[in-house]
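Everything below concerns the one structure shown next.
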């Protein structure tokens, strides 16, 4: 009872502390250089989205311009609102959407630069390129592209394209679904919408193919297309000479501008805490992003733990057998190599390699990829858990078994392992807890886990604190429940021994 | 010759560059009780552990009941159960009850059925005075009880010889007696035994022969009287003077 109180108090303290720290940081934004036109960007603190033309061209500005590069436009906007940036350079239509949501921001009249959008297709896939270009020409001629532009860009009319082909060959499109009005989530659903999305459905129909959309980080899309993970990428790609070296562009479908967003000055955020809560979770059932993400997180964790336990156990057996009597030299070498590589490289890199390299040309569910990647990673740590558990059973029992004429395998399975497993159960359960938290990087392969669910809400509301804190609290609650269960398990095991 | 149960010939053992035992010869006769004494680190424990192949001898032969157990072709799993071993640290199987510790090996080897083994275990536990501990796990036993259970476990295989590596060294002084009592009983029953010990008065009382191992060899060998009372060996005299204080 006393312990429970302690955990509760610690939790409350932790949450309060994090809220305090967050609000201090939020309040501490300092005012810098005022940006009023393109020329005054020089020397200012400017936010851009990684891999966009704004990124390349703002980074080329000299004279002390401090460029901050963000994965998501919404992060840049947030940072601007906190006063840590003087301006954000971002696609014109995206800028309009952001400013509409944030009355305290404005777009400067003078654009940063003009650019053209096109889709991307792998260099060697000229057959698809020709077909897509032909389809785009037809859509242009039929006026469908103009109607979509009216709906999404000019905001007049309510034309929407309905997909027709729903079976047969699949056209896989990669897109970073956080770029309104081109591609974004709306109405709390996990179905992407936007100009690019509907155009892609129209193109797929022209090709007689069914469209499948993969949500992938913007800077990973070209990779995904080149590796065959996706056939085509539509994600507001600006045509640049640099990109042409690694990828083929389709015909242009949009001419647009990179706009400069700045703060109106002085204006506060204008949203009450209750509004923020409502916008983050209730409106359009946005809590569904967290729920479906949580389901994926739990599925990945449970199956990865299973792989980790089974594989880790086998690796530990190989290692211990080799240490004890010198057998299994080759297997031991492989096991050691495996442990060295897995424990010597970051989990995130392993996940990316498994998805983009090893399974590059295989059509496989992302959840399955994540289960394999996290399972293989966890196995290395579980192996060491099991090994230390086996080593902790005193060698004397091996000797006693030997003296009674029992074979190594018999002693191992009937005497040592039952004790070792009992020793390591708590460590294995703890690995389960760390794995749960580690799966939060699943978003890097475009998998919508709990963390990614929070990110999607943030990309819709441009409000970081509420979804991030909510995600943190959900993880914390699950971890506390698991910790409590591990504690019970440990107690039960200790009781059993007496 | 027919009375010799174990014949050791030119046994040599070293750990790395350190030679522990060199060219040891020994004949152990049926029913004989041999105590091995000597200073710490002299190799007396290594010697009995070699006899059970817990240490692999570098060279030499151990002929047990007509079989050369150092021959790589020998199936040691058949022979080793006939050589009982009692450890300083008991080495009971902690995941089994006392009774299961005793019955596991005989049943596994197919020497006895489970009911037979259970019956035998209860007899042995009665013999070592642990009937009421049959269903307890080792963690609930005192050191002396553990060692008595370990002796019962060895006896369940009907060994022809019992090796004991400092069987009372890990015990508190007041419970040494209960284990020595069992070993004495075993000696009286005619069991062949080799006991490594620090307990000189017990060695004197129970042994037919005492070996003094020092400087990689058996330096002195004889009846307890010869070794303890009339030795002319200077090192042995020094050793005895030191331990008898």
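Can you give the mean number of other chain Cβ atoms that lie within 10 Å of the Cβ atoms in peptide B:45-56?
Across B:45-56, the average partner-chain Cβ count within 10 Å equals 1.
Calculate I(q)/I(0) for segment B:150-244 by the Debye formula, one identical point scatterer on each C-alpha and no solvent, and give its log10 at q = 0.11, 0.15 Å⁻¹ to two decimals.
-0.35, -0.65
Between residue B:78 and residue B:170, what FRET efficiency comes out of the Förster formula 1/(1 + (r/R0)^6) with R0 = 41 Å and r the beta carbon distance, rounded to 0.05?
Numbers: r = 31 Å, r/R0 = 0.75.
Approximately 0.85, to the nearest 0.05.
Across segment A:107-171, how large is the tail of the calculated P(r) beyond 18 Å, expressed as a percent of all Cα pairs?
Values: 1249 of 2080 pairs.
Of all Cα-Cα pairs in segment A:107-171, 60 percent lie more than 18 Å apart.
Taking neighbour counts of Cβ atoms within 10 Å as a proxy for exposure, in what order, fewest first, do A:198, A:241 appear? Don't skip to the end; give the middle numbers.
Details: A:198 23, A:241 6.
Ranking A:198, A:241 by Cβ neighbours within 10 Å, fewest first, gives A:241, A:198.
Working from Cα positions, state the angle (0 to 90°, nearest 10) between the long axis of helix B:98-108 and the longest principal axis of chain B.
Between the helix axis and the principal axis of chain B, the angle is about 90 degrees.
Above 26 Å lies some portion of the pair distances; for segment A:291-423, what is it as a whole percent of all C-alpha pairs? Before the final figure, lay out the partial values.
Details: 3007 of 8778 pairs.
Cα-Cα pairs of segment A:291-423 separated by over 26 Å account for 34 percent.
Using only alpha carbon pairs under 8 Å that are at least six residues apart, calculate the relative contact order of chain B and give it in whole percent.
26 percent
How big is the gap, in Å, between the Cα center of segment A:469-498 and the Cα center of segment B:36-114?
44 Å
At R0 = 51 Å, how high is the FRET efficiency between residue A:126 and residue A:278 if r is their beta carbon distance? Nearest 0.05 is fine. Intermediate values should be presented prior to the final figure.
Working: r = 50 Å, r/R0 = 0.98.
Once the sixth-power term is evaluated, E becomes 0.55.
Give me the percent relative contact order of segment B:1-138, please, defined on Cα pairs under 8 angstrom at least 6 residues apart. The partial results should precede the final answer.
Details: 154 pairs, mean separation 26.1, N = 138.
This gives 19 percent for segment B:1-138.
Per 0.36 nm of contour for each residue apart, how much would the distance between residue A:364 and residue A:189 grow if the chain were fully extended, relative to their Cα-Cα spacing?
60.7 nm
Using helices alone, what [θ] at 222 nm do you get for chain A, with -39,500 (n - 2.57) per DSSP H run of 4 or more residues, divided over all residues and rounded to the nearest 500? Don't skip to the end; give the middle numbers.
Numbers: 19 runs with 269 residues, N = 498.
About -17500 deg cm²/dmol.
Per residue of B:91-98, count partner chain C-beta atoms within 10 Å of its C-beta, then hand back the mean as an integer.
Values: counts 9, 3, 11, 9, 12, 4, 0, 0.
Neighbouring Cβ atoms belonging to other protein chains average 6 per residue here.
Rounded to two decimals, what is Rg over Rh for chain B when you use alpha-carbon atoms and the Kirkwood radius?
Values: Rg = 18.0 Å, Rh = 18.7 Å.
Here the Rg-to-Rh quotient is 0.97.
Exposure proxy check: A:256, A:340 ranked by fewest other beta carbons within 10 Å? Working shown, then result.
Details: A:256 19, A:340 11.
Ranking A:256, A:340 by Cβ neighbours within 10 Å, fewest first, gives A:340, A:256.
If each residue of separation counts as 0.36 nm, what is the full-extension length gain between residue A:16 and residue A:37 once their alpha-carbon separation is subtracted? Don't skip to the end; give the middle numbers.
Numbers: separation 21, 0.36 × 21 = 7.56 nm, distance 4.15 nm.
Net length gain for the segment: 3.4 nm.
If contacts are Cα pairs under 8 angstrom and at least 6 residues apart, what is the relative contact order of chain A in percent? Don't skip to the answer; put the middle values down first.
Values: 783 pairs, mean separation 83.4, N = 498.
Answer for chain A is 17 percent.
Could you calculate, for segment A:36-180, the ratio of the Cα radius of gyration to the Kirkwood radius, expressed as Rg to Rh?
Numbers: Rg = 18.4 Å, Rh = 17.8 Å.
Expressed as Rg/Rh, it is 1.03.
Can you give the Kirkwood hydrodynamic radius of segment A:125-220 from its Cα pairs, in Å with one decimal? Please report the intermediate quantities before stating the final value.
Values: mean 1/r = 0.0720 Å⁻¹.
Value: 13.9 Å, from the Cα pair sum.
Obtain the nm distance between the two label points defined at residue B:10 and residue A:481 by a simple spin-label model: each point lies 7 Å from its Cα along the Cα-to-C-beta direction.
Each label point is offset 7 Å from its Cα along the Cβ direction, giving 7.3 nm.
Assuming 1.002 mPa s and 20 °C, estimate D for segment B:46-123 with Stokes-Einstein, Rh taken as the Kirkwood radius over Cα pairs, in µm²/s. Walk me through the numbers before you get to the answer.
Details: Rh = 14.3 Å.
D = 149 µm²/s.
Taking neighbour counts of Cβ atoms within 10 Å as a proxy for exposure, in what order, fewest first, do A:484, B:127 appear?
Details: A:484 13, B:127 17.
Fewest-to-most ranking of A:484, B:127: A:484, B:127.
What's the long-distance tail for segment A:314-369, i.e. % of Cα pairs beyond 17 Å? Don't skip to the end; give the middle numbers.
Details: 813 of 1540 pairs.
Across segment A:314-369, Cα pairs with separations above 17 Å total 53 percent.
For the protein assembly as shown, report the convex hull volume of the alpha-carbon atoms normalised per residue, in Å³, without decimals. Don't skip to the end; give the middle numbers.
On the way: hull volume 184.6 nm³, N = 743.
Cα-based convex hull of the protein assembly as shown, divided per residue, equals 248 Å³.
Can you compute the modelled spin-label distance between residue A:66 and residue B:237, with each label point 7 Å from Cα toward Cβ, in nm?
Once both label points are built, they end up 9.1 nm from each other.
Suppose R0 equals 60 Å; then what is the FRET efficiency for residue B:223 and residue B:114 from their Cβ-Cβ distance, rounded to the nearest 0.05? Numbers along the way, then the final one.
Numbers: r = 45 Å, r/R0 = 0.74.
Calculated transfer efficiency: 0.85.
Values in this text are rule-based calculations from the coordinates and carry no lab data. Nothing here was measured: the structure is a model prediction, and the numbers come from that model. Cβ: placed from backbone, ideal geometry, glycine included. Neighbour counts: every protein chain shown.
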